[in-house]
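The block underneath contains the structure these notes are about, expressed in C-alpha cells.
The values are calculated or read from the model by the stated rules, or taken from the named source; none is laboratory data. Predicted model, so just to flag it, every value in this text is computed and none were measured. Using ideal geometry, Cβ is built from the backbone for each residue, glycine included, and neighbour counts are taken over all protein chains shown.
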Amino acid sequence: MEAKATARTVLLVPRKARLVMNLVRGKSVNEASAILNNMNKKSARLINKVLVSATANAENNLKLDKNNLFIKEAYINDGPILKRHRFGSRSHIDRHDKKTSHITIVVAEKN
C-alpha cells in the first residue's frame, strides 16, 4: 500500500531542492523527518511539510503504522517559471526568472 502527497507550484528552485531531497530518499519516515528538522534550508522545511502530509494520508486513509513507513519515491519536477524584469547594466531591462517546483513524496510500508 502506498500513500502519496504533492505540493505544486512551490516558489523554490528545483536544482537546490533536489540536493536536500537526495538526502532523505529511501529512508524511514522517522529518520527523514529528523534529518529535515535539523536542516537550515527553505527546501527542507517545504519537503518536510509534504512528508508529514504523505504520512498522514497513509495513517488516516490506509490505516498504516507510522513506524513501518519509508519513503518509496521522492522527486522534484520543474514547475512554471514566473518571468519578471529588472533593470540591468546601462539601463537595459534584464529578465529575472523565478523558478517553481512540484514536490512529490510516496511512502509505503516495509514488509
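For this structure, a couple of remarks:
- Whether a residue is of a type in the set (D, E, K, R) and closer than 12 Å to residue 106 by Cα was assessed, and residue 4 passes this test.
- Test result for residue 71, assigned to a helix (DSSP H, G or I), surrounded by 16 or more Cβ atoms within 10 Å (Cβ to Cβ) and within 14 Å of the chain's Cα centre (by Cα): no
- If you filter region 56-111 down to residues that are among the basic types (Lys, Arg) and touching a residue at least 12 places away in the same chain (Cβ under 8 Å), you find that the one that is nearest to residue 43 (Cα to Cα) is 99.
- Screening 38, 22 for residues that are modelled with pLDDT of 95 or more and closer than 19 Å to residue 78 by Cα leaves exactly one candidate, 22.
- Residue that is nearest to residue 8 (Cα to Cα), among those in region 73-100 that are in contact with a Gly (Cβ under 8 Å, 6 or more places away or on another chain) and of a type in the set (D, E, K, R): 99
- Residue 23 vs. criteria part of a helix (DSSP H, G or I) and crowded, with 17+ Cβ neighbours inside 10 Å: no
- In the set 36, 12, 51, 46, only one residue is part of a loop (DSSP other than H, G, I, E, B), crowded, with 16+ Cβ neighbours inside 10 Å and either of a type in the set (Val, Ile, Thr) or under 15 Å from the mean Cα position of the chain (by Cα) (or both); that residue is 12.
- Residue within region 89-100 that is hydroxyl-bearing (Ser, Thr, Tyr) and at pLDDT below 95 present: yes
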